[in-house]
1. Taking the Cα centre of the chain as origin and charging only Cβ (+1 Lys, Arg; -1 Asp, Glu), how large is the dipole, in debye to the nearest 20?
2. Quick check on the chain: helices-only [θ] at 222 nm, where DSSP H runs of length 4 and up contribute -39,500 (n - 2.57) each and the sum goes over total residues. Nearest 500, please.
3. Across the Cα atoms of the chain, what radius of gyration and what greatest pairwise Cα-Cα distance (Dmax) are found, in Å?
4. Counting other beta carbons within 10 Å of each residue's own, what order do Y90, Y222, Y216 fall into, fewest first?
5. From the residues T143, I214, N192, which one has its Cα farthest along the dipole of the chain in the positive direction, the dipole being from +1 and -1 charges on Cβ of Lys/Arg and Asp/Glu about the Cα centre?
6. Which residue, I49, I132, I177, tops the fluctuation ranking in a GNM of the chain built on C-alpha contacts under 10 Å?
7. Among rounded, prolate and oblate, which fits the range 98-231 when a ≥ b ≥ c are the square roots of the eigenvalues of its C-alpha gyration tensor, a/c under 1.5 means rounded, and a/b larger than b/c means prolate?
8. Over the Cα atoms of the range 184-232, each weighted equally, I'd like the Debye log10 I(q)/I(0) at q = 0.24, 0.29 Å⁻¹, rounded to two decimals.
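Only the coordinates and a few stated rules stand behind these numbers; no lab work does. Note that the structure is a prediction, hence the values are computed from the model and not measured. Don't worry about glycine lacking a Cβ; one is built from the backbone with ideal geometry, like all the others, and counts go over all protein chains shown.
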Amino acid sequence: MKLAALVPLAVALVPSVSAHYRWTSLVEGSTVTSPYQYVRQNTNYNSPITDVKSTDFRCNEGGLASASATQTGIVQAGSTVGIALDQPIYHPGVINVYMAKAPGAASAFDGSGAVWFKVKEVTAQTDGGSTINWPSLNMDQVTFTIPTSIPNGDYLIRVEDIALHVAQSPGGAQFYISCAQVTVQGGSGSGNPGPLVAIPGVYTGTEPGILININYPIPANYTQPGPPVWSG
Ligand SMILES: *[C@@H]1O[C@H](CO)[C@@H](O)[C@H](O)[C@H]1NC(C)=O
Ligand SMILES: [Cu+2]
């Protein structure tokens, strides 16, 4: 919410503090679990993270403090898991989902170091400059299949929606982030997840997919930020 001039109007129209869309719930198969049962609760109800270098960029503001109070969900390698929102996404943008293996319990892991690999992305659809479409718009969850070759153990699953509606200036892209805690079972362990990146560190904030005017001229192509997806 960067349009400062519009804030008084927005406050006048919406009498109570309305929370922005948030990733609140782990999805196990077709089951959406309770909000913040397995997802670390953040403390910035209405604000995105815009500093890609800040520690809060990892698991959102409050995401480390709430780790020990968050349960760890059991998920099976080869199964469909995901993260659900409290309301559908209403900004144009893209999604990335990363995982990181915890050295011990997920609830004790701060996610530091080059430990994150990408497991899912929802990118933009372009056609050379006539139109640009955002498949993540109106999604209320993002799901993916945990590769069967993954090593068993505790992981963090970090989801980010990168809202790009005011991304034409540095720091304008808005990151809506949450981390879930899971124990992966049933993996063969033969896989070697990667490439591994540090978060923060994975982005500079000036990538063509982050510092971008999506309105005019219509981008001819779109480059999804971050490493390629590891699919096992
Ligand atoms: C589109 O592709 C060109 C050529 O590879 C690249 O320089 C540019 O950054 C891309 N634009 C976006 C928005 O990804
Ligand atoms: Cu917004």
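1. Charge dipole, the chain, about its Cα centre: 160 debye, nearest 20.
2. Theoretical 222 nm ellipticity from helices: -1000 deg cm²/dmol.
3. When restricted to Cα atoms, the chain yields Rg and Dmax of 17.4, 57 Å.
4. Listed from fewest to most nearby Cβ atoms, that is Y216, Y90, Y222.
5. N192
6. Highest fluctuation among the options: I132.
7. prolate
8. Ignoring solvent entirely, the Cα scatterers give -0.96, -1.13.
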